[in-house]
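Nothing in this text is a laboratory measurement; each read-out follows from the coordinates by a stated rule. Values in this document were obtained by computation on a predicted structure and should not be read as measured data. Here the Cβ is made from the backbone with ideal geometry for all residues, glycine too, and neighbour counts use every protein chain on show.
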Amino acid sequence: MKKTITLVLSLIFLCNSMGLKGQNSFAEEQYPALEELYQYLHSNPELSFLEEQTAAKLATEMKTLGYEVTEKVGGTGLVCILKNGSGKTVLVRTDMDALPIKEDTNLPYSSNVMMKDINDEEMPVMHACGHDIHMTVWYGTAKYMAANKSSWKGTLIFIAQPAEERSGGAKAMLADGLYERFPVPDYAISLHVSAVLRAGTVGWCPEYAMANVDMMQIRIKGKGGHGAYPHTTIDPVSMSSRLINDLQTIVSREISPLEPAVVTVGSIHGGTKGNVIPDEVVLELTLRSYTDEVRNKIIELIKRKCKAIGLSAGLPENRYPEVILHDEFTPALFNDLALNERIALVFEKEFGVENVIKTDPVMGGEDFGRYGRTEDKVPIMMFWLGAVETEKYEAAERGDIQLPSLHNSRFQPDPEPTLKTGVKALTVGILELMN
Ligand SMILES: [Zn+2]
Ligand SMILES: [Zn+2]
């Protein structure tokens, strides 16, 4: 009896270690192909909603793997399905777009691309948010799953999403019937590179992980005139300076100190010359929060403060500052607690507890949250994939250097450990959900 138990235990151990070895050796063997794809994507970035070549390249690769590919979902989006018997349905998302930034990394495969954006303005283009890493990890994982169909059952939906940076891509894919024309997933999973975590590590953040993001414009209308006769004008420059100070009291005085919130005025434009009082000043803002209540309260308070400034300047009501909320809203990203705890445990088993970091939420935005906000209430997980070269990470820890952030022209992930860790993490995560 004892012997049988020992034998069974050793067999279980052997099977487990073979499973792990399977993913590890797969990531090793596949690395040259993944590196080639990564470098291709990095050198050929495309701007939001214009990811034509990128989508075409991924569509070809996914068809070769045996996925059933539907193109042009929500613009350039792809839906790639692999059915393998009955079981859970898991959605795996990558984004595809790059940013209007001139790359400054000196990498041999750095981007020199210039292209017209959706407003027809010529822009330099760079994958400065790591979406090229996301696509390569997504493809590497899709390849593993297609090559190892005996180790899982269910349906995989790999989606490639346009325009994360303009925050319209997830909305466009959902509006184009992602959850109607294709199966509704039991879970949705995704990752984002981290410019602060070491390559080889992963980070996770349960519940609120990223913020509601709003962009707003305020147009302050006055009555222009000569700078020497201010009493004959209504000066929008002095109104805007009072308003900006007043806006800073929203977070500090009117929102609970226990609720995260940000009101930033990032741009102020008005006037041409010191002795001319202009007719108008235009402010551009970004607002951040986690809950819908705080978001709505911030917007209401801004409107109230704008009215107050108009009133105090003696403007008629129809000339009060105009508040325009841009429709690029990104809702907060809420990581399902049970799903995230479950996957974090699997990561700890795969990478060791020391390489799995529970991170704090951030006030940045990501439209992946939308896949969990429909009436289907799909539990979602977005985790962080460390991308910083070990040497640089340690130098930054010592305070010798400052690491470039995401969206910086010098952002440069360490591809090999980042891609290998990404493929392993995504693969073990999906296998956990499938079995
Ligand atoms: Zn970004
Ligand atoms: Zn991004």
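Things worth noting here:
- Contour minus Cα-Cα distance for Ala147 and Glu322 (0.36 nm per residue): 57.3 nm
- Cα-Cα over 19 Å, subset of Lys102/Lys420; Lys63/Lys420; Lys83/Lys143; Lys83/Lys420; Lys221/Lys303; Lys349/Lys420: Lys102/Lys420; Lys63/Lys420; Lys83/Lys420
- Computed packing ranks the peptides 362-371, 418-427, 84-93, 248-257 as 418-427, 362-371, 84-93, 248-257, most packed first, by mean other Cβ atoms within 10 Å.
- Charges were assigned to the Cβ only: +1 to each Lys and Arg, -1 to each Asp and Glu. The resulting dipole of the stretch 280-435 about its Cα centre is roughly 520 debye.
- Helix 52-64 vs. the chain, principal-axis angle (Cα, 0 to 90°, nearest 10): 20 degrees
- For the chain, the Cβ-based charge dipole about the Cα centre amounts to some 960 debye (Lys, Arg positive; Asp, Glu negative; other atoms uncharged).
- Helical contribution to [θ] at 222 nm, DSSP H n ≥ 4, -39,500 (n - 2.57), averaged over the chain, rounded to 500: -12500 deg cm²/dmol
- Degrees separating the helix 292-312 axis from the principal Cα axis of the chain, which is the longest one: 10 degrees
- Degrees between helix 236-249 axis and first principal axis of the chain (Cα, 0 to 90, nearest 10): 50 degrees
- DSSP bridge orientation in the chain - percent antiparallel, rounded to nearest 5: 65 percent
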